[in-house]
1. Which one is nearest to PHE141 (Cα to Cα) among residues in segment 1-53 that are hydroxyl-bearing (Ser, Thr, Tyr) and open to solvent by 50 Å² or more (accessible area, probe 1.4 Å)?
2. Output the number of the condition that ARG135 fails; it satisfies all remaining conditions of (1) touching a Phe, Trp or Tyr at 6+ places or on another chain (Cβ under 6 Å); (2) open to solvent by 30 Å² or more (accessible area, probe 1.4 Å).
3. State yes or no: is GLY49 closer than 20 Å to SER116 by Cβ and of a type outside the set (A, V, I, L, M, F, W, C)?
4. Tell me which residues, restricted to segment 1-32, are of a type in the set (Val, Ile, Thr) and either in a loop (DSSP other than H, G, I, E, B) or more than 17 Å from ALA82 (Cβ to Cβ) (or both).
5. Within segment 113-125, work out how many residues are open to solvent by 50 Å² or more (accessible area, probe 1.4 Å) and in contact (Cβ under 8 Å) with a residue 24 or more places away in the chain.
6. Can you run down the residue pairs with Cβ atoms below 8 Å, 6 or more apart or on separate chains, where the first is in segment 142-160 and modelled with pLDDT under 95 and the partner is surrounded by 10 or more Cβ atoms within 10 Å (Cβ to Cβ) and aromatic (Phe, Trp, Tyr)?
Amino acid sequence: MNRTDKENYYLDIAETVLERGTCLRRNFGAIIVQHDEIVSSGYTGAPRGRKNCIDTGVCVRESLGVPRGERYELCRSVHAEANAIISASRRDMIGSTLYLVGRDKRTGEYVENASSCSMCKRLIINAGILRVIVRNSKTRFSVVNVEDWIINDESLGGSFGY
């Protein structure tokens, strides 16, 4: 019997979390793990009490033709990473790992070259999370050391996420 490695085990859980997502474009699931224990989870969705895009049937960014990685302030949703961070205590996140999985809503395919947006990167840095592991396929993933986001500060010029 082949046993699933820890990274894919946690990515599988994050992938289950994304099934609660309410975005019409892409849904993400995130879990934060510390000392081999799940601290919190989050998925893409509108703030509590507000209507979700799947309820309104409209994605503002889609209707305006906004490309991936741009103009997140127009989006109704709170990102999966942000929701996971909101649900956790900072002391439980210091030194932790965030697992992230994204799927395209229309095709069901994994989001290619997925990365946290610049706003979520700032939250992840301040939360004290050390690594972000992003699913690329059912068994392949990328590992990002958050320290790299600090050193390579995109706010000084460069590319932006999701």
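The values are calculated or read from the model by the stated rules, or taken from the named source; none is laboratory data. Worth saying up front: this structure is predicted, and the values here are computed from it rather than measured. A quick note on method: Cβ atoms are made from the backbone with ideal geometry, for glycine too, and the neighbour counts reach across all protein chains shown. We work out accessible area using only protein heavy atoms, side chains counted, and drop any ligands, DNA or RNA first. Shrake-Rupley method; radii C 1.70, N 1.55, O 1.52, S 1.80 Å.
1. Our first condition is that a residue be hydroxyl-bearing (Ser, Thr, Tyr); within segment 1-53, this holds for 4, 9-10, 16, 22, 40-41, 43-44.
Those left that are additionally open to solvent by 50 Å² or more (accessible area, probe 1.4 Å): 4, 9, 16, 41, 43.
Working: THR4: 13, TYR9: 12, THR16: 16, SER41: 19, TYR43: 19 Å.
Going through the qualifying residues, I end up with TYR9.
2. Here ARG135 clears every test but (2).
3. Numbers: closer than 20 Å to SER116 by Cβ: no; of a type outside the set (A, V, I, L, M, F, W, C): yes.
Spelling it out, it is not the case that GLY49 is closer than 20 Å to SER116 by Cβ and of a type outside the set (A, V, I, L, M, F, W, C).
4. Initially, segment 1-32 is screened for residues of a type in the set (Val, Ile, Thr), giving 4, 13, 16-17, 22, 31-32.
THR4, ILE13, THR16, THR22, listed by residue number.
5. Let us first name the residues in segment 113-125 that are open to solvent by 50 Å² or more (accessible area, probe 1.4 Å), namely 113, 119, 122-123, 125.
If we keep only those that are in contact (Cβ under 8 Å) with a residue 24 or more places away in the chain as well, we get 119, 123, 125.
Of the residues in segment 113-125, 3 are open to solvent by 50 Å² or more (accessible area, probe 1.4 Å) and in contact (Cβ under 8 Å) with a residue 24 or more places away in the chain.
6. Here the result reads GLU154/PHE160, each pair linking segment 142-160 to a residue that is surrounded by 10 or more Cβ atoms within 10 Å (Cβ to Cβ) and aromatic (Phe, Trp, Tyr).
Per-residue answers, yes or no, for (1) modelled with pLDDT of 95 or more; (2) at positive phi; (3) over 15 Å from the mean Cα position of the chain (by Cα):
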{"position": "ARG20", "(1), (2), (3)": "yes, no, no"}
{"position": "GLY49", "(1), (2), (3)": "no, yes, yes"}
{"position": "ILE54", "(1), (2), (3)": "no, no, yes"}
{"position": "VAL60", "(1), (2), (3)": "no, no, yes"}
{"position": "ARG71", "(1), (2), (3)": "no, yes, yes"}
{"position": "SER77", "(1), (2), (3)": "no, no, no"}
{"position": "ALA80", "(1), (2), (3)": "yes, no, no"}
{"position": "ASN83", "(1), (2), (3)": "yes, no, no"}
